[in-house]
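The structure appears below as structure tokens.
We did not get these values from a lab; they are worked out from the coordinates using the rules stated. In this text the structure is predicted, and so the values were computed from the model without any measurement. Cβ sites come from the backbone with ideal geometry, for glycine too, and all protein chains shown count toward neighbours.
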Amino acid sequence: TNIMTSLTEKEVVHSLRNHLPRLLRSDPSLSESILTVTREHFPTKVETEDRFTRMLDELARE
């Protein structure tokens, strides 16, 4: 039987929260896969810093 069918969504989320940090550290391909998905929804650190810098520059000019 598939383990995912025997676990509730709540249990899967709980397990991910407990195990994901270690899995990301130990499995670079998993880490890259998750980063690929998150980049579709969230800006990178560099993009966020650039946006913040532009906002500060605009405020300084005012």
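Each label was represented as a point 7 Å from its Cα along the Cα-to-Cβ direction; for E58 and L16 these points are 3.3 nm apart.
Helix 28-39 and the longest principal axis of the Cα set of the chain meet at an angle near 50°. For the pair D50 and D27, label points projected 7 Å from Cα toward Cβ lie 3.2 nm apart.
Calculate how large, on average over all directions, the projected area of the Cα convex hull of the chain is; give the answer in nm² to one decimal.
Convex hull of Cα atoms, orientation-averaged projection: 6.6 nm².
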